[in-house]
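The values are calculated or read from the model by the stated rules, or taken from the named source; none is laboratory data. None of these values were measured; they are calculated from a predicted model. Virtual Cβ from ideal backbone geometry, glycine too; neighbours counted across all protein chains shown.
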């Protein structure tokens, strides 16, 4: 957290930390202006207690129909806050009364507008009673209501026309500067193989001052750890934070300009001069991790491994956050299904830091993606032995064992249910699926049932899940429940086959939109 | 386990005690019990008689005691009440909304 005069800037790694910062600062009823390439507005399903709190049966039924998504988990809504849904929680907690999403400008405005419309409609389709879209224009301006509160989605070029009179909460994600096209096939990531940015912090701050937007509290998220911001561009966040607080010195301007120049096409064609310029700057600023890391990457591209390794070591010495599993594009590429590119990126980076503890986890995920089960089992066991108790290790090891059929080993690898945070929900779901499947194979009928029921509590409803429950109840000879689950499985399977126009749709208040 | 065992097992006996399953969240609203089965993701509300039985399922009363309580509260033939209560309990048991109490508590 940094402050200058009345301005406070809270720099966070994961964007959901912004919610906790607003809550701690005691904000209420504010307008939130959110600069991001992602809406960060996934729904947080309410708990059954919220339903049982209603004062009458008719209120209860009306709430039930208006909110078609419920989470029967024992965790509170706040405990389930993560970087994809923290704005929803901020609205529910009355911190935010109006939400303005400013999304990046793209040269193809029509495509960008269609992408934003699709994002908003898919969110609104989940709960048409709670999120209604009211107005849309060809210029990419959208208006709607969430829980009766105003929502605006505006492109960057137009936000100056909608500046509110009162002081706002300013919330910026660094990936806003990097991910430009919301319709790109790489979305929600940028094209991580050629990191770049479409807007500089200097232009952004100049536009912000020109807009007359009033703010005293800024949250700025790096988003490196989820792979949205390539580590090479983390310096943009540092530059932005400093520019928001004060004017930069000539020396700082020169340093940030040199770093930004690295990502211009002209510099890419002439890496020699870029290396020379960085080396000169490093002489003047020997403890700047961003300079060292970017120089290391340039040297790596030129296959100067010893030189790159030395610069990398200096970077992580100056700033240990540069030693992360997201210091290369592999995790994002793997998520996008580009396995070969992910493997190449990983192998190249491993030459600089072969003993990076974070890499072993990525290697395990790579082996699983490549279906190399035997190697994955060996590595998974090694990781568990070394005390790496990440949920991905246990699930990865169990999945590999399940494929090679040492079921007892899979059961042991899964062990007791891990304590997982809200941000690891997808691991929790994967864990439960695996545990249920292993338990069923080992004839641990009650364990399997407990896992499938927990999956239902997490909102999982698929034909496969209900078919498995029908099978288990049949084994238990509870034909009553077996029949009910089989009927549900059939209903869901038929529903999945129905054409798209049968599915829930977003509600538009104006037919002219 | 044979089919006969299954049928006999499922019919509540007069001396047995039942309690509500822990995964069922419930509340009495406008005189009716509203239930949420967290395991199955089901929401249901019971009628007056069903709510009366549901409230009595505290693991302390036997099936016979439950029936005699209802006999005093509702004007219905005793044999009919006995049959309906046992049928209702069997259904709740099959839905795993209730379970047999471990040991009788005094």
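A compact table of results
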quantity: Test: residue in the range A:4-17 that is farther than 20 Å from residue A:236 by Cβ and in contact with a helix residue (DSSP H, G or I) (Cβ under 6 Å, 6 or more places away or on another chain); calculated: yes
quantity: Yes/no for residue B:93 being under 13 Å from the mean Cα position of the chain (by Cα), within 25 Å of residue A:65 (Cα to Cα) and in a helix (DSSP H, G or I); calculated: no
quantity: Filter pass, residue A:457 being surrounded by 15 or more Cβ atoms within 10 Å (Cβ to Cβ), in contact (Cβ under 8 Å) with a residue 40 or more places away in the chain and either closer than 30 Å to residue B:95 by Cα or outside the structural domain of residue A:494 (by TED's automatic domain parsing) (or both); calculated: yes
quantity: Criterion: in the same structural domain as residue A:203 (by TED's automatic domain parsing) and surrounded by fewer than 21 Cβ atoms within 10 Å (Cβ to Cβ) - qualifying residue of A:225, A:257, A:253; calculated: A:225
quantity: Given (1) in contact (Cβ under 8 Å) with a residue 40 or more places away in the chain; (2) surrounded by 19 or more Cβ atoms within 10 Å (Cβ to Cβ), number of the condition residue A:505 does not satisfy; calculated: (2)
quantity: Residues that are under 19 Å from residue A:175 (Cα atoms) and surrounded by fewer than 21 Cβ atoms within 10 Å (Cβ to Cβ), drawn from the range A:86-105; calculated: A:105
quantity: Tally of residues being more than 22 Å from residue A:452 (Cα to Cα), more than 7 Å from every other protein chain (Cβ to nearest Cβ) and without any contact (Cβ under 8 Å) to a residue 12 or more places away in the chain across the range B:24-71; calculated: 3
quantity: Residues within the range A:286-303 that are crowded, with 16+ Cβ neighbours inside 10 Å and without any contact (Cβ under 8 Å) to a residue 40 or more places away in the chain, tallied; calculated: 7
quantity: Selection within the range A:315-329 - in a helix (DSSP H, G or I) and closer than 21 Å to residue A:260 by Cβ; calculated: A:315, A:318, A:321, A:322
quantity: Scan of the range A:6-42 for residues that are in a loop (DSSP other than H, G, I, E, B), in contact with a strand residue (DSSP E or B) (Cβ under 9 Å, 6 or more places away or on another chain) and surrounded by fewer than 19 Cβ atoms within 10 Å (Cβ to Cβ), ordered by number; calculated: A:6, A:13, A:14, A:27, A:28, A:29
quantity: Test: residue in the range A:388-397 that is surrounded by fewer than 21 Cβ atoms within 10 Å (Cβ to Cβ), out of contact with any strand residue (DSSP E or B) (no Cβ under 6 Å at 6 or more places or on another chain) and touching a residue at least 40 places away in the same chain (Cβ under 8 Å); calculated: yes
quantity: Helices (runs of 4 or more DSSP H) contained in the range A:424-513 and holding at least 3 residues within 29 Å of residue A:394 (Cα to Cα) and modelled with pLDDT of 90 or more; calculated: A:425-441, A:445-457, A:463-475
quantity: Subset of the range A:333-352 (residues that are buried (at least 17 other Cβ atoms within 10 Å of the Cβ) and in a loop (DSSP other than H, G, I, E, B)); calculated: A:336, A:338, A:352
